[in-house]
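Worksheet: one structure, shown below.
The values are calculated or read from the model by the stated rules, or taken from the named source; none is laboratory data. Note that the structure is a prediction, hence the values are computed from the model and not measured. Cβ: placed from backbone, ideal geometry, glycine included. Neighbour counts: every protein chain shown. The protein model used for the area step is the full one, side chains on, heavy atoms only, and it has no ligands, DNA or RNA in it. Shrake-Rupley method; radii C 1.70, N 1.55, O 1.52, S 1.80 Å.
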Amino acid sequence: MKSLQFSMLLLSLVLAALLSFSTGALPQEDFLRCLSLRSNDSSTISSVIYTRNNPSYSTVLESTIRNLRFNSTNTPKPLVIVTPSRTSHFQATIYCSRKHGLQIRTRSGGHDYEGLSYVSKVPFVVVDLVNFRTVDVDVENRVAWVQAGAILGEIYYRIAEKSRTLAFAGGIFHSIGVGGYISGGGFGLLFRKYGTAGDNVIDAQFIDVNGRILDRKSMGEDLFWAIRGGGGGSFGIVLAWKLKLVPVPAIVTVFSVNRTLEQNATQLILRWQEIAHQLPDEMNPDVTMLSVNSTQDGSKTILASFSSLFLGTIDELLPIMQQRFPELGLSRQDCSEMSWIESVLYFNQLQNQPLEILLNRTFRTSVGGQYYKIKSDYVKEPISETALNGLFSRLSDEEASSAFIIFMAYGGIMDRIPEDATPFPHRAGNLYKIYYDVNWQEQDNVNSQKYIDWSRRVYNYMTPFVSKSPREAYANYRDLDIGSNNVGITSYRQASVWGRKYFKNNFDRLVQVKTKIDPQNFFKHEQSIPPLH
Ligand code: FDA
């Protein structure tokens with residue numbers, strides 16, 4: 001009897017071994033075998049694959065993890081990273097991931113505030129576009145084709161090499177990837193003059209779940225509409241964008257004026273709320289607030305920093321500010337003239353660096369900490385002095401020692417572009433957007449929850465003073481607190497909780513596009529657009 005049991009055990013072990021040989025013991029082994037079979041040239045694809053055994057795996061993975069909150073030992077890591085250098089690599093990766101039940105997370109610049117481009121709770125592959133970042137600028141026709149893995153700095157630099165009076169209406173931080181940035185709308189220094197980055201895209205190259213390479217004509221206007229603001233990682237992979245370049249003067253002006261509460265900051269902010277959205281389109285006024293030590297007696301106060309770019313000279317700016325916002329007392333000494341590309345360095349706090357620093361995609365900004373939690377709001381009516389004082393009091397909490405809050409003025413062309421022109425719906429009627437940033441350093445990371453709780457408390461406190469039904473939020477300032485999809489089946493109802501906040505009524509059109517382009521919901525994450533089942 002015993003020998004029969006032993007033979008049965010042996011047989012089942014042999015069967016199990018045979019089975020695992022034929023199907024692959026681990027999903028990534030099947031996946032890797034599939035990749036080499038599927039690829040036309042297996043030698044090139046092998047050079048862009050990183051498994052956990054590869055000595056460069058961690059370096060490649062960590063290279064653009066911006067929010068170190070998602071780089072702990074507990075953070076789920078991809079089974080494989082693929083860094084495609086040709087379109088056939090994308091096609092093979094999509095085909096093999098689908099075949100072997102692996103999810104894809106696409107990463108361009110890695111700035112996702114919730115780490116969704118490199119973290120997933122199910123077995124997954126990261127497709128990192130680091131090798132897909134050619135920037136081709138055509139000054140004569142004022143356009144540029146940029147591959148989605150390029151960072152904003154690379155685009156700005158390549159434009160500046162050829163012209164100092166052309167620009168792209170992109171974001172402030174140079175290391176942001178254009179793949180995720182434009183997919184989520186994209187605002188920046190020029191958005192009150194020229195709109196969002198998505199408003200300035202005129203064509204795209206895109207790969208869908210079936211490996212088809214599409215351009216604007218072949219994808220159709222619905223999908224072309226959806227990928228310019230409907231959020232990254234929902235529809236497929238953007239391979240490249242064709243961007244409209246916009247004129248900027250040879251000389252622009254930047255200014256920054258700091259005032260504490262003792263220097264009348266509260267009254268200035270109250271006034272700023274009334275007038276900032278009406279300032280010329282050539283400006284992007286904002287005010288940053290943070291807690292600092294008072295110079296008088298060492299106690300805490302709030303510092304408000306009023307700043308803006310102006311597309312013109314100091315002589316042109318001063319009379320405008322004197323007429324519209326005399327209370328600020330802007331003087332010539334507060335202003336500096338420079339070229340547009342130098343203003344990019346200025347707003348990145350890299351004034352004295354060579355332009356080549358814009359090409360450094362792994363550069364870590366000194367602004368803020370390395371661990372952070374972000375939230376956003378839109379404001380339609382000026383908030384009262386009492387409400388503002390409550391915000392200041394929370395900024396003085398111990399957890400907020402490295403927190404800052406920015407009010408960013410809307411208005412300008414944003415008031416004149418219809419809400420449904422792209423999925424980005426935050427247009428007319430907004431006075432400003434609020435950006436809440438709480439961040440902390442490595443030594444405090446064991447207490448990360450207390451900082452996250454602080455940001456939730458501030459967000460709750462602000463409820464009566466900001467947009468309602470829905471309480472709007474900016475898709476690129478991803479915040480999973482406002483709602484997320486089920487881990488299993490993604491439901492329309494659940495997704496509309498966060499979807500309406502990011503996209504308002506545009507959410508329904510996004511769902512229709514998704515249902516058409518990816519009905520089986522292969523491209524998905526915690527805040528991806530669901531298909532209708
Ligand atoms: P990342 O690679 O992390 O991707 C973000 C999302 O897009 C993920 O869901 C990802 O899967 C998806 N995705 C990435 N590449 C894709 C592709 N090729 N095709 C399809 N989906 C893709 N925003 C802004 O508007 N203006 C600003 O000035 C700033 N400033 C700023 C500063 C800093 C320090 C940070 C960390 C973030 C910002 N942001 C911002 C927010 C930023 O726009 C947002 O995080 C973008 O999604 C970042 O795009 P990346 O490609 O860098 O991110």
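Among the candidates Leu350, Leu355, the residue that is over 25 Å from Gly115 (Cα atoms) and at pLDDT below 95 is uniquely Leu350.
Among the residues of region 199-228, the one identified as under 20 Å from Val246 (Cβ atoms) and polar (S, T, N, Q) is Asn200. Please indicate, with yes or no, whether at least one residue in region 400-415 is within 30 Å of Phe224 (Cβ to Cβ), assigned to a loop (DSSP other than H, G, I, E, B) and away from the ligand (no atom under 14 Å from the Cβ). Among the residues of region 400-415, at least one is within 30 Å of Phe224 (Cβ to Cβ), assigned to a loop (DSSP other than H, G, I, E, B) and away from the ligand (no atom under 14 Å from the Cβ), which makes the answer yes.
Residue-wise test of (1) in a helix (DSSP H, G or I); (2) surrounded by fewer than 21 Cβ atoms within 10 Å (Cβ to Cβ); (3) touching a residue at least 24 places away in the same chain (Cβ under 8 Å).
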{"position": "Tyr474", "(1), (2), (3)": "no, no, yes"}
{"position": "Asn485", "(1), (2), (3)": "no, no, yes"}
{"position": "Leu510", "(1), (2), (3)": "yes, no, yes"}
{"position": "Lys514", "(1), (2), (3)": "yes, no, yes"}
{"position": "Phe522", "(1), (2), (3)": "no, yes, yes"}
{"position": "His525", "(1), (2), (3)": "no, no, yes"}
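Check off (1) touching a residue at least 12 places away in the same chain (Cβ under 8 Å); (2) polar (S, T, N, Q); (3) open to solvent by less than 50 Å² (accessible area, probe 1.4 Å) for Asn71 and give me the number that stays unchecked. Every listed condition holds for Asn71 apart from (1). So which residues in region 50-92 are assigned to a loop (DSSP other than H, G, I, E, B), among the β-branched types (Val, Ile, Thr) and under 16 Å from Arg107 (Cβ atoms)? Passing the criteria: Thr64, Ile65, Thr75, Thr83. Among the residues of region 476-497, which ones are closer than 19 Å to Lys514 by Cα and among the aliphatic types (A, V, I, L, M)? Listed by number, the residues that qualify are Val487, Ile489, Ala495, Val497.
Does Arg142 fit the bill of being on the phi > 0 side of the Ramachandran plot, at pLDDT 95 or above and more than 10 Å from the ligand (Cβ to nearest atom)? In short, yes. When region 136-150 is filtered for residues that are within 21 Å of the chain's Cα centre (by Cα) and surrounded by fewer than 21 Cβ atoms within 10 Å (Cβ to Cβ), only Trp145 remains. If only residues of region 489-508 that are part of a loop (DSSP other than H, G, I, E, B) and either aromatic (Phe, Trp, Tyr) or open to solvent by 50 Å² or more (accessible area, probe 1.4 Å) (or both) are counted, the one that is farthest from the ligand (Cβ to nearest atom) is Asn505. Among the numbered conditions (1) modelled with pLDDT under 95; (2) closer than 21 Å to Ser528 by Cβ; (3) among the β-branched types (Val, Ile, Thr), tell me where Ile227 comes up short. Single failed check for Ile227: (1). If the condition is being touching a residue at least 60 places away in the same chain (Cβ under 8 Å) and of a type in the set (S, T, N, Q), then region 487-508 contributes Asn505, Asn506. Tell me whether region 113-131 contains one or more residues that are closer than 24 Å to Ser343 by Cα and touching a Lys or Arg at 6+ places or on another chain (Cβ under 8 Å). For region 113-131, residues closer than 24 Å to Ser343 by Cα and touching a Lys or Arg at 6+ places or on another chain (Cβ under 8 Å): absent. Residues that are within 27 Å of Tyr346 (Cβ to Cβ), part of a helix (DSSP H, G or I) and free of Cβ contacts under 8 Å to residues at least 60 places away in the same chain are absent from region 93-105.
Looking across region 423-458, the residues that are open to solvent by less than 30 Å² (accessible area, probe 1.4 Å), in contact (Cβ under 8 Å) with a residue 60 or more places away in the chain and away from the ligand (no atom under 14 Å from the Cβ) come down to Pro425, Asn430, Leu431, Tyr432, Trp440, Ser448, Tyr451, Ile452, Trp454, Ser455, Val458.
Filtering region 220-253 to residues that are more than 13 Å from the ligand (Cβ to nearest atom) and more than 30 Å from Leu345 (Cα to Cα) leaves Gly220, Glu221, Asp222, Phe224, Trp225. When Gln205 is tested against (1) free of Cβ contacts under 8 Å to residues at least 40 places away in the same chain; (2) assigned to a helix (DSSP H, G or I); (3) within 13 Å of the ligand (Cβ to nearest atom), just one condition goes unmet, and that condition is (2). So in region 86-130, with the set limited to residues that are away from the ligand (no atom under 13 Å from the Cβ) and within 23 Å of the chain's Cα centre (by Cα), which one is most open to solvent (accessible area, probe 1.4 Å)? The qualifying residue most open to solvent (accessible area, probe 1.4 Å) is Lys121.
Leu318 falls short on exactly one of the conditions (1) in a strand (DSSP E or B); (2) under 18 Å from Ser256 (Cα atoms); (3) among the aliphatic types (A, V, I, L, M), and that condition is (1). Scanning region 273-328 for residues that are open to solvent by 50 Å² or more (accessible area, probe 1.4 Å), touching a residue at least 60 places away in the same chain (Cβ under 8 Å) and within 21 Å of Tyr432 (Cα to Cα) yields Glu274, Gln278, Glu282, Leu290, Glu327. Of all residues in region 252-272, those that are buried (at least 19 other Cβ atoms within 10 Å of the Cβ) and either of a type in the set (Ser, Thr, Tyr) or under 24 Å from Tyr156 (Cβ atoms) (or both) total 4.
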